[in-house]
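Working notes for the structure below.
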Amino acid sequence: MIDSYSDMLLVPFAKYLAKYGEWKLSNLGTSMLIPTEKYHFDSIVFIPRRLSFSVDKSWQFIASVNIKEKNQFSKEHVRLFQLLKRFECEVSVKGFFKKKFYLMPNPLLKHLQEEIPDLIYDDHLVHLLEQDESLKRLISIITPESLSITLYSEPINTKNLKEYCTQFREIYQNPNELIWNIKIEKFLGYIISKGKYNRILDSIIEAFENISLHLTNLTARIEREM
């Protein structure tokens, strides 16, 4: 447990976000917020990313929705993991001054299908999110650099796409946990007002809850239909 907001490991907006939960350190040494109220996500990890050719940083906010952790996972959940993998998606950003946001399949799925023919993209989650006017409003407030929704899997240490897909096939056939990750990357510069800064942070939390609810409901429906 972290006792002081002055701790160098804490994010610069730790004090503001403390109204949502308790701060801890993840096992990777990064800041983690555990919600104290009932949310449909279980934690948020905060990772700074240095911008190219700049001293500025953007921030990755990664919310986790734990469906089946390792101690709950069984052979019956392998097929559930495989079915849910096909719903992965992300936001595509178009425009510079006036950004427009579009939902699209996770581009990696197309490459994974070459190794795993039965991994066929399903656009049901995209349709659900596209019809959610509240989520559209939140994304327009946040204007994220990126937003993605993926199933967590053990990291694969390679930059070669073909090799990654080959190694992922083993994970696909033998998963051992089922956790949705929602990742939002946002540059929070110093030129925006404090009010807008806080509004963006609140909107990120609200977007996580919104998407997490969709993921929880979708997962439950797929599990029932299996």
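A short reminder: the numbers here are calculations on the coordinates, not readings from a lab. Please read these numbers as outputs of a predicted model, since none were measured by experiment. Reconstructed Cβ throughout: ideal geometry from the backbone, glycine too, with neighbour counts over all protein chains shown.
The table below lists the values:
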item: Set of aspartates and glutamates with alpha-carbon distance to LYS110 below 16 Å, sequence-local pairs under 8 removed; result: GLU88, GLU90, ASP118, ASP122, ASP123, GLU163
item: Max mean-square fluctuation residue, GNM over the chain, Cα-Cα springs under 10 Å, options VAL65, VAL11, VAL91; result: VAL11
item: Amide H partners (placed H, <5 Å) of PHE87, local residues excluded; result: ASP122
item: Per-residue ³J(HN,Hα) for region 151-166, Karplus 6.51 cos²θ - 1.76 cosθ + 1.60, θ = phi - 60°, Hz, x for Gly and Pro; result: 7, 5, 8, 4, x, 10, 8, 7, 9, 7, 4, 4, 5, 4, 4, 5
item: Under-5 Å amide H pairs with PHE187, H placed in peptide plane, nonlocal only; result: TRP59, GLU145
item: Helix-only [θ]222 nm of the chain, DSSP H runs n ≥ 4, -39500 (n - 2.57) each, per residue, nearest 500; result: -11000 deg cm²/dmol
item: Nearby aspartates and glutamates by direct alpha-carbon distance to LYS159 (threshold 17 angstrom, same-chain neighbours under 8 apart not counted); result: GLU115
item: Tilt relative to the chain, helix 133-142 - C-alpha long axis, 0 to 90 degrees, to 10; result: 50
item: Aspartates and glutamates with Cα under 19 Å of LYS15, excluding same-chain neighbours fewer than 8 positions away; result: ASP3, ASP7, GLU37, ASP202, GLU206
item: Kirkwood-type radius of the chain, with distances r between different C-alpha atoms, in Å; result: 18.8
item: Full-stretch length increase - GLU154, MET104 - with 0.36 nm per residue and alpha-carbon distance subtracted; result: 15.6 nm
item: Net charge, ASP56 excluded, C-beta distance under 15 Å - Lys, Arg +1, Asp, Glu -1; result: +2
item: Vicinal HN-Hα couplings computed from phi for region 114-125 (Karplus, 6.51 cos²θ - 1.76 cosθ + 1.60; Hz; Gly/Pro x); result: 5, 8, 10, x, 7, 8, 9, 4, 10, 8, 4, 5
